[in-house]
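Asker: There's a structure below that I have some questions on.
The values are calculated or read from the model by the stated rules, or taken from the named source; none is laboratory data. If you're wondering where the values come from, they're calculated on a predicted model, not measured in any experiment. As a convention, Cβ positions derive from the backbone with ideal geometry for all residues, glycine included, and neighbour counts pool all protein chains shown.
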Amino acid sequence: MADPSASYSGRFSRDGYLILENQIDTTAIEQILRIWRADPSLASEVKENANFAGDDGIRTRLAYRPRLADDAYSALAQSARLVEPLEQIYATSVQHYYTLNMQKDPGTGGWEYHQDYGYHYREFLYPDFVSVMVALDPATRENGCLRVVRGSHRLGRLEHEHFGSQQIANRERVSLALEEMEEVYCEMSPGSVLYFHGNTLHASHPNLSDSSRWCLIFAYVPSTNRWILPEAPQLGTLTRLDEAAFRSALTTHEDRIRKEV
Ligand SMILES: O=C(O)CCC(=O)C(=O)O
């Protein structure tokens, strides 16, 4: 039987994204959710953004974490299950750039179309930048799953402008892209993983359902990409965690939280 991983880089370079179903075991996902819900330091970092200028009061809840730490989220960022497909896509090692804990509760959320490299091209010479979304809750159309435009990474980086607390991609270009490219609703079960290119256009509707849609988004760059700002790079070197080391890191974090609360 053909190795399904053999085509990761082909699918990623054709579509600008790749979904791997059930990549992370649901027991680990449930444990990460338990930790997150009880984690006081994360709760203190969650911010509310106004992603839509002049909106109807719907806010986006998220925590931005630029560093790897000794915690469950960073363990997932470094797990072999997440990192190995990335290394196959780029045929080289990757470095961590940031983590977003995306807390898309009922009545929150919503992002206009943008490219993540649209936010980060000042830091990196090449658009070799990848965002990796791990579904913790089911992501559905009803609760505002991510939408991607298939093949839009081939447009290159579009102009972005400020809009509320977001940077949004030029609306005319987005409309033109949508005339000829498919908009894909990335419905995902917990433990499924979406890899998407830094120039892939993506957006999401607010979560107007009764169910949460929490996820983690990790940004990585291949080690061949070049940091071009004068200040020191903020990239995190990964310590690859096999399944046992990953599980053990989750348990260590959960035990620590139990003692704290
Ligand atoms: O999770 C979402 O709804 C959108 C997230 C997103 O677009 C981003 O982090 O760039």
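Asker: In the set A135, A169, which member is within 12 Å of the ligand (Cβ to nearest atom) and within 16 Å of the chain's Cα centre (by Cα)?
Answerer: A135
Asker: Within segment 207-232, work out how many residues are within 12 Å of the ligand (Cβ to nearest atom), touching a Pro at 6+ places or on another chain (Cβ under 8 Å) and of a type in the set (A, V, I, L, M, F, W, C).
Answerer: Matching residues across segment 207-232 total 0.
Asker: How many residues are within 10 Å of the ligand (Cβ to nearest atom) and not in a loop (DSSP other than H, G, I, E, B) when one looks only at segment 104-132?
Answerer: Within segment 104-132, residues that are within 10 Å of the ligand (Cβ to nearest atom) and not in a loop (DSSP other than H, G, I, E, B) number 10.
Asker: Taking the condition within 16 Å of the ligand (Cβ to nearest atom), modelled with pLDDT of 95 or more and surrounded by 23 or more Cβ atoms within 10 Å (Cβ to Cβ), does A72 pass?
Answerer: So A72 fails the test.
Asker: Under 7 Å between Cβ atoms, which residue pairs at least 6 apart in sequence (or on different chains) link something in segment 10-29 that is part of a helix (DSSP H, G or I) with a partner that is among the charged types (D, E, K, R)?
Answerer: Between residues of segment 10-29 that are part of a helix (DSSP H, G or I) and residues that are among the charged types (D, E, K, R), the close pairs are D15/R150; A28/R247.
Asker: Specify which of the listed residues (R147, R154) is out of contact with any helix residue (DSSP H, G or I) (no Cβ under 8 Å at 6 or more places or on another chain) and under 30 Å from A28 (Cα atoms).
Answerer: Going through R147, R154 in turn, just one is out of contact with any helix residue (DSSP H, G or I) (no Cβ under 8 Å at 6 or more places or on another chain) and under 30 Å from A28 (Cα atoms): R147.
Asker: Another question, then. Has segment 187-200 got at least one residue that is crowded, with 21+ Cβ neighbours inside 10 Å, in a strand (DSSP E or B) and of a type outside the set (A, V, I, L, M, F, W, C)?
Answerer: yes
Asker: Across segment 184-196, what is the number of residues that are away from the ligand (no atom under 12 Å from the Cβ), closer than 21 Å to Q115 by Cα and not hydroxyl-bearing (S, T, Y)?
Answerer: The total comes to 3.
Asker: Out of A50, A43, A91, A80, I need the residue that is at positive phi and either charged (D, E, K, R) or surrounded by fewer than 21 Cβ atoms within 10 Å (Cβ to Cβ) (or both). Which one?
Answerer: Unique residue meeting the criteria: A91.
Asker: Follow-up question, since we're still on this one. Could you say whether any residue in segment 80-103 is in contact (Cβ under 8 Å) with a residue 12 or more places away in the chain, basic (K, R) and within 16 Å of the ligand (Cβ to nearest atom)?
Answerer: No, segment 80-103 contains no residue that is in contact (Cβ under 8 Å) with a residue 12 or more places away in the chain, basic (K, R) and within 16 Å of the ligand (Cβ to nearest atom).
Asker: Next up: Regarding H197, is this residue in contact with a helix residue (DSSP H, G or I) (Cβ under 7 Å, 6 or more places away or on another chain), farther than 22 Å from T26 by Cα and in contact (Cβ under 8 Å) with a residue 60 or more places away in the chain?
Answerer: Yes: the conditions hold for H197.
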